[in-house]
Amino acid sequence: MNLGYSDEQRLLSESANNLLAARAQKKDARDLWAEMAELGWLAMPLPESHDGLGQGAVDVAILTEAFGRHLASTDYAPRIVLCGGLVAAIGSDAQKAALLPALATGMAKPALAHAEENARHDRAHVATQAARTAGGWRLSGDKIGVLGAAPDRFIVSARIAGSLRDRSGIGLFLVPADARGLRVLSHATVDGGQASRIELKDVELPADALLGANENAFEALDRAVDQAIAAWCAECVGLMEAATAATVDYTKIRIQFGKPLAVNQALRHRIADMSIQCEEGRSMALRAALYADSADAGARARAISGAWAKIAKSARFVAEQAIQLHGGMGVTNELDIGMYLKRVVALEAIVGGADRHLRRHAALSAAARAA
Amino acid sequence: MNLGYSDEQRLLSESANNLLAARAQKKDARDLWAEMAELGWLAMPLPESHDGLGQGAVDVAILTEAFGRHLASTDYAPRIVLCGGLVAAIGSDAQKAALLPALATGMAKPALAHAEENARHDRAHVATQAARTAGGWRLSGDKIGVLGAAPDRFIVSARIAGSLRDRSGIGLFLVPADARGLRVLSHATVDGGQASRIELKDVELPADALLGANENAFEALDRAVDQAIAAWCAECVGLMEAATAATVDYTKIRIQFGKPLAVNQALRHRIADMSIQCEEGRSMALRAALYADSADAGARARAISGAWAKIAKSARFVAEQAIQLHGGMGVTNELDIGMYLKRVVALEAIVGGADRHLRRHAALSAAARAA
Amino acid sequence: MELAFTPDEIAFQNEVRAFLAAHLTPDIKRSHALTPSVFSDPPVGNHWQKLLYAKGWAAPLWPKEYGGAGWTLAQRYIWEVESALAGAPSVTPMGLRMVGPVIMKFGTQAQKDFYLPRILKAEDYWCQGYSEPGSGSDLASLKTRAVRDGDHYVINGSKIWTTHAHYANRMFALVRTSDEGKKQDGISFILIDMDTPGISVRPILTIGGDHEVNQVFFDDVRVPVANRVGAEGQGWSYGKYLLEFERGGAMSSGRLRGALRHVEKIAAHYRDGERPLIEDPAISLRLSQVEIDIDALEMTELRIMSSLQTGQNPGSVSSSLAKLRNSEIKQAITSLAVDVLGEDALVWEPRRPLYELNEPLPLEEDAITALPEYLNGRAYTIFGGTSEVQRDIIAKVVIGL
Amino acid sequence: MELAFTPDEIAFQNEVRAFLAAHLTPDIKRSHALTPSVFSDPPVGNHWQKLLYAKGWAAPLWPKEYGGAGWTLAQRYIWEVESALAGAPSVTPMGLRMVGPVIMKFGTQAQKDFYLPRILKAEDYWCQGYSEPGSGSDLASLKTRAVRDGDHYVINGSKIWTTHAHYANRMFALVRTSDEGKKQDGISFILIDMDTPGISVRPILTIGGDHEVNQVFFDDVRVPVANRVGAEGQGWSYGKYLLEFERGGAMSSGRLRGALRHVEKIAAHYRDGERPLIEDPAISLRLSQVEIDIDALEMTELRIMSSLQTGQNPGSVSSSLAKLRNSEIKQAITSLAVDVLGEDALVWEPRRPLYELNEPLPLEEDAITALPEYLNGRAYTIFGGTSEVQRDIIAKVVIGL
């Protein structure tokens, strides 16, 4: 057992944090995505067989933790971990060759279109239909919460067989952004990003649009989403630590009744609680990363949902209290402090809230007890 | 609308508190029950037709609030409000004449035997069977949580018809303490009182043992239990206020690091929260009392369970924090401070916890929305 | 003791319901519902106040001699509950409930004659110049200075968190007229015309994306001495009077109840698979929890009202408690609403005012304000005295140290 | 980075399991399970320690030269988890983990030679004389006085919260040998024979009805100067060393996990109608919540261990955090257990020790300790530094003011 970072990991953490801090300070507007490609960050979790570096969830977590700390790059997990992970896991050789190297260089910008209205984060909820045609497939249905600005293609989950929340019979389809019958309605997101709802109306696709010719892609999808959650757990740790640090700084400088706010014991204890939750969050994010690639799907799912249940609650607490302790300034757009909360809210919308994951954990625990 | 006490009510509150405070100070060991009978307290909620005073739930609450404040008389609500209330509500004239005047003078000491193993506070859970016989009834079954020391008779709920949790088909039977086939196993209770488990094995009863010849006593039972809960809500308010006052006194006197504990802002805010919960508890107990006698059973049940859900949680918080703020002394039997918590735990065991009543409230709300 | 209304009160309740049925049009309701600010948008609130004025109901608690409705507290309570449940806009408190009572109590006859009718008729819109950058909870440390120059004060400094300053034509402000003695001394209460030269207003956007508050700058702003209310240097006590009036006068449970009903409405049309979210056990328990919390606050408010009616003083614990619980319950409601949105809590709509947009919204109208309301609502536990300050106040009274 | 054990560690884990299977008899488990105190009953813990001693495992972290097991931290962690999950008694920390390390570090050779083997073999039972009536969290204000008289100190005063003083034959105590300078100065660390004339022990019952703690009175108690550890007036620093050792050395997640498994066991046989309580949604969510909290604490403890292994100092935030969370989670578990009891939480069994009763208990053996454990467990957030003090410590480090 050894839970320390390797020298390479320490170096990665330092360079990621330094780079992002410097960009933030200089208000550097150059394309971060291109720079990340250059630095090899995009290639990190992708397989070595296709220009990737084959690194694991702990390395990804080092990166996303830095993103959280500097409120940067919300595209990494959905594009690299989710889309990249799915293609690497079940894509055909041709699909991998077409997409993975392009992901590593930052050229490809795919987006996973999976969530639907009324799904409430049930990952098997797929109403979008995929019908077999002479030439391949015809897709119809609506998707929501498709993350990222201007995707160049979508990986769309659609039901080939079974009923609404069956785990079997779900396929993933590669759909180009300019496909006929596809309508993309983009909207702003609470965390300052972009997302879209997409409508598919009789979208005709060739036979090889089905990822890996796999008509039961649920397991792969479930695993990829869990891996993305591990990355988001780490992002929340960075975010919580940054929010707490900003609050410590503010309460030390802000004078009320002739003394710094930070001398008030009630606020000190609040800050102690924020720090405790940062530490517990760090433990749970690490745990999530260590289980994210596990072969035991039940253990992985329990570790991921447990971590997220804890971290979502902690991050909401820390982000809300950071605002509270900033007083009036906290509820304005003049400081960044509200951005932490907005990002947490966005992640809960994407991943599901603490309640949802506590229920998943309890259901998995009951299943484990019964087994 | 007028939520102030009448002069009579103010007087009742003062005399009850003065009497109990004086008894506590003198460690007066004379029989409180006899004194309460003399003062007319036992007669208060009983009907005027049978030597009672016909007073309402608000007056009872004034009394039980004083009991809570002085950790006195845990027998009042189960004996007078529950047993007395049930006999008054559905008893035959003969049963009323036999029991109510004797309750008012303190001579009769009945106990309700209703709870059963695995009931989990579902009031319709009655497994005890009542079979018709030539001469009347034969009862068999086990009861738990029968409150009070050395009862002279029991009011036993038993199923005449229907299955385990049906609301219909439940009767209440008067069973003398010396009935053949009845076994009483008494035990100490966490709050320093006495209770028993009773076992009924083919207990033969005459036909007129069935209270009011009523074979569907659930409504009456449900209402009587709600009325007892209203009394216990008020008891908790007295208890919370006493625990908070004791804590305020202690933290002002106790010196740590050269200053009274009470100067610490973290403790001050805790005490503020305790006080807030006392005030909210007072509001909810009053609300419970005002709804306890309501003809609208749904509104009554919602008000009672809402009040208890709030008060059980608040009382647990206040009693636990009172111990915490008393430090080491709080966790010993040397001070009374632990008794507040023990009484709250006992009441939750009797009434069901906040969770249980929040669920009842939610179920009633859903039913109200559907209607 | 009696929770039920008297026959007179029931008659009044019916009158209120009839008035709301007749005058609270779907348009007004919609404008109010589509305003995610902490306060009603000024045009919406003003329009509503004018309708109330026509009925003689603009100022529930003002005495009749000043054009008030002269209601009993029970009548006002009925009004608050009914209008909140019906979805009526809230009228800005700045004139009617804040500066109005101060002018009434401490103003000159000329001030009363001029200002009070204008407040009543919504001819003036007031903003409050109290907080300053750097003061916050420590209000008495304010630094905006008013220096006497003949018949005028010359004002320099800056106010912050000034709600609707970009809309208001008048401000009541606390300004420093002396540095002698305690910091609470030397503060004066002054009425300022917002179009006086030297005043500039900088918008501050809240985290929900709304323009409610501002920073106001004073650069040699000349205000007639006649605009001072009461004695020079006594402003702090007037300001405190006003704050107590603001807090103790709150009857907030009706509005909370209305907000909870709105969440139930959203929860009834959002679904988890086939099941309406309102039937989800976790959601229904949280709805019940909030309902119970509102019940408790309502009874507390009624108890306060009952003791006020009999001439008793409910004390500062009551007003701090009501402020604290009201703000916490409000936040619980907005959190619950965001959780009901589920995946839709990602969707951000920055355009304002929402009720004037002609293009389609990215979410249902019922749901679109939940997210900015949650975010803006973080202010509930900050503005008007933070929750921490309220707990300090309660502890001080309870502990006596 | 690697969460899995090494092959050596797995071999050790197997050895531990084999040892437990062979020596942890149902009787020992039952005695431990039926002890609702915060600490194991001394006879039970002592018996277990003797079995461990025979295996060479009595002192996991003592160096081998003193008869310790000389384990790595990972081995100790494996031991703690396995023995807790198996339901083994806990060994009193007073000798092995508290006074032992102090004697080892600051004691004379004679003290080491005499005391350490006796601690190891459970021949001595120690109690801790730190707290005094009136001191509490402000330990340095202690007043028990030791006045030099030739080769003896004459001790007068009183100690309180003295765990197992009624059983112990020795006490290590902080006593005041001087009033000069800061209150932390002038404190000495002294070893006292409990049968010295002038010592009397008054039992204090906890709210669960258990006799764990006592008040100890000293009336002209003569203790040889040779029983002082280290220099006169330096006792405070030794005491602090011990406290840090006590907190940082905690590996509590295994024991929490064992306690949670026990609650699951009760929840599986209590029923709501026909349904086992463990299938009740509210109960199963609370079980998951606690499990997750234990997972977090476990990872935190492993992270602390990992940094200790590489020679880093995990700092005082870590030890306060572990103490704080451990105590809060313990309390959550005991609360949950009481809620699982339902109606049975009314039943009170005051007889002790429960494992020696021959009459039938009023509840199932699995359930009988839940209520006194909940009540006694209120002490978790008080003793060993209150939660409030832990938060003060964390805030001080984090804020730096």
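The values are calculated or read from the model by the stated rules, or taken from the named source; none is laboratory data. This one's a predicted model, so the numbers in the text were calculated from it and none came from an experiment. All Cβ positions, glycine included, derive from the backbone under ideal geometry; neighbour counts span all protein chains shown.
Could you figure out which of (1) surrounded by 20 or more Cβ atoms within 10 Å (Cβ to Cβ); (2) more than 16 Å from the chain's Cα centre (by Cα) isn't true of residue C:49?
Every listed condition holds for residue C:49 apart from (2).
Across region D:249-295, what is the number of residues that are part of a helix (DSSP H, G or I) and within 10 Å of chain B (Cβ to nearest Cβ)?
Going through region D:249-295 one residue at a time, the tally reaches 5.
For residues in region A:279-290 being in contact (Cβ under 8 Å) with a residue 60 or more places away in the chain and at the interface with chain D (Cβ under 8 Å from one of its Cβ atoms), which is nearest to residue D:319 (Cα to Cα)?
Going through the qualifying residues, I end up with A:286.
Please tell me if residue B:99 is away from chain D (no Cβ under 14 Å), buried (at least 18 other Cβ atoms within 10 Å of the Cβ) and hydrophobic (A, V, I, L, M, F, W, C).
yes
Right, residue D:38: closer than 22 Å to residue D:333 by Cβ and without any contact (Cβ under 8 Å) to a residue 60 or more places away in the chain or not?
When the stated conditions are applied, residue D:38 does not pass them.
Which condition breaks for residue C:140 when tested against (1) within 19 Å of the chain's Cα centre (by Cα); (2) assigned to a helix (DSSP H, G or I); (3) not acidic (Asp, Glu)?
All conditions pass for residue C:140, except number (1).
Among the residues of region C:89-109, is any touching a residue at least 60 places away in the same chain (Cβ under 8 Å), touching a strand residue (DSSP E or B) at 6+ places or on another chain (Cβ under 7 Å), among the small types (Gly, Ala, Ser) and not in a helix (DSSP H, G or I)?
yes
Could you check region D:92-109 and list, in sequence order, the residues that are of a type outside the set (Val, Ile, Thr) and within 15 Å of residue D:171 (Cβ to Cβ)?
Once the filter is applied, which keeps residues that are of a type outside the set (Val, Ile, Thr) and within 15 Å of residue D:171 (Cβ to Cβ), region D:92-109 yields D:93, D:94, D:95, D:98, D:100.
From the list D:359, D:373, D:301, which residue is acidic (Asp, Glu) and in a loop (DSSP other than H, G, I, E, B)?
Being acidic (Asp, Glu) and in a loop (DSSP other than H, G, I, E, B) holds for just one of D:359, D:373, D:301, which is D:359.
Which is more than 15 Å from residue C:188 (Cα to Cα), in the same structural domain as residue C:197 (by TED's automatic domain parsing), modelled with pLDDT under 95 and polar (S, T, N, Q), of C:137, C:131?
C:137
Can you name the condition, by its number, that residue A:191 falls short on among (1) in contact with a strand residue (DSSP E or B) (Cβ under 7 Å, 6 or more places away or on another chain); (2) at negative phi; (3) in contact (Cβ under 8 Å) with a residue 60 or more places away in the chain?
Among (1) in contact with a strand residue (DSSP E or B) (Cβ under 7 Å, 6 or more places away or on another chain); (2) at negative phi; (3) in contact (Cβ under 8 Å) with a residue 60 or more places away in the chain, residue A:191 violates only (1).
Residue check: is residue A:309 surrounded by 19 or more Cβ atoms within 10 Å (Cβ to Cβ) and at pLDDT 95 or above?
yes
Of all residues in region D:167-187, how many are outside any loop (DSSP other than H, G, I, E, B) and either among the aliphatic types (A, V, I, L, M) or surrounded by fewer than 24 Cβ atoms within 10 Å (Cβ to Cβ) (or both)?
Matching residues across region D:167-187 total 7.
Exactly one of (1) free of Cβ contacts under 8 Å to residues at least 24 places away in the same chain; (2) closer than 25 Å to residue D:204 by Cβ; (3) more than 11 Å from chain C (Cβ to nearest Cβ); (4) out of contact with any strand residue (DSSP E or B) (no Cβ under 8 Å at 6 or more places or on another chain) is unmet by residue B:248. Its number?
Among (1) free of Cβ contacts under 8 Å to residues at least 24 places away in the same chain; (2) closer than 25 Å to residue D:204 by Cβ; (3) more than 11 Å from chain C (Cβ to nearest Cβ); (4) out of contact with any strand residue (DSSP E or B) (no Cβ under 8 Å at 6 or more places or on another chain), residue B:248 violates only (3).
Against the definition (more than 14 Å from chain A (Cβ to nearest Cβ), surrounded by 21 or more Cβ atoms within 10 Å (Cβ to Cβ), without any contact (Cβ under 8 Å) to a residue 24 or more places away in the chain and out of contact with any Asp or Glu (no Cβ under 8 Å at 6 or more places or on another chain)), how does residue D:333 come out, yes or no?
Answer is no for this residue.
Pick out the one residue from A:311, A:276, A:323 that is in contact with a Gly (Cβ under 6 Å, 6 or more places away or on another chain), more than 15 Å from residue A:223 (Cβ to Cβ), without any contact (Cβ under 8 Å) to a residue 24 or more places away in the chain and not charged (D, E, K, R).
Selected residue: A:323, the only one of A:311, A:276, A:323 that is in contact with a Gly (Cβ under 6 Å, 6 or more places away or on another chain), more than 15 Å from residue A:223 (Cβ to Cβ), without any contact (Cβ under 8 Å) to a residue 24 or more places away in the chain and not charged (D, E, K, R).
Any chance you could count how many residues in region C:63-88 are assigned to a helix (DSSP H, G or I), of a type in the set (Gly, Ala, Ser) and within 24 Å of residue C:118 (Cα to Cα)?
Residues meeting the conditions: 1.
Inspect all residues belonging to region C:73-88 and state whether any of them is among the aromatic types (Phe, Trp, Tyr), within 14 Å of chain B (Cβ to nearest Cβ), touching a residue at least 60 places away in the same chain (Cβ under 8 Å) and out of contact with any Gly (no Cβ under 9 Å at 6 or more places or on another chain).
no
Residues that are of a type in the set (Ser, Thr, Tyr): which strands (runs of 3 or more DSSP E) entirely in region B:166-239 hold 2 or more of them?
B:182-189
Looking only at residues in region A:16-63 that are surrounded by fewer than 14 Cβ atoms within 10 Å (Cβ to Cβ) and of a type in the set (S, T, N, Q), which one is farthest from residue A:78 (Cα to Cα)?
Filtering region A:16-63 for residues that are surrounded by fewer than 14 Cβ atoms within 10 Å (Cβ to Cβ) and of a type in the set (S, T, N, Q), the one farthest from residue A:78 (Cα to Cα) comes out as A:25.
Suppose we filter region B:64-75 for residues that are buried (at least 24 other Cβ atoms within 10 Å of the Cβ) and under 12 Å from the mean Cα position of the chain (by Cα); how many remain?
Total satisfying the criteria: 5.
Working only within region A:343-371, note down all residues that are in contact with an Asp or Glu (Cβ under 8 Å, 6 or more places away or on another chain), more than 7 Å from chain C (Cβ to nearest Cβ) and touching a residue at least 60 places away in the same chain (Cβ under 8 Å).
Once the filter is applied, which keeps residues that are in contact with an Asp or Glu (Cβ under 8 Å, 6 or more places away or on another chain), more than 7 Å from chain C (Cβ to nearest Cβ) and touching a residue at least 60 places away in the same chain (Cβ under 8 Å), region A:343-371 yields A:343, A:347, A:365.
Please state which one of D:369, D:381 is among the β-branched types (Val, Ile, Thr), more than 7 Å from every other protein chain (Cβ to nearest Cβ) and out of contact with any His (no Cβ under 6 Å at 6 or more places or on another chain).
Exactly one residue qualifies, and that residue is D:369.
Does residue D:31 count as in a helix (DSSP H, G or I), within 21 Å of residue D:368 (Cβ to Cβ) and in contact (Cβ under 8 Å) with a residue 60 or more places away in the chain?
Criteria met by residue D:31.
Just one of B:300, B:316 is more than 7 Å from every other protein chain (Cβ to nearest Cβ), among the charged types (D, E, K, R), more than 21 Å from residue D:387 (Cα to Cα) and not in a strand (DSSP E or B); which is it?
Checking each option against the conditions leaves just B:300.
Any idea how many residues of region D:303-330 are farther than 22 Å from residue A:269 by Cα and either buried (at least 22 other Cβ atoms within 10 Å of the Cβ) or more than 10 Å from chain A (Cβ to nearest Cβ) (or both)?
4
List the number of the failed condition for residue C:389; all other conditions in (1) in contact (Cβ under 8 Å) with a residue 24 or more places away in the chain; (2) within 14 Å of chain B (Cβ to nearest Cβ); (3) surrounded by fewer than 17 Cβ atoms within 10 Å (Cβ to Cβ) hold.
Condition not satisfied by residue C:389: (3).
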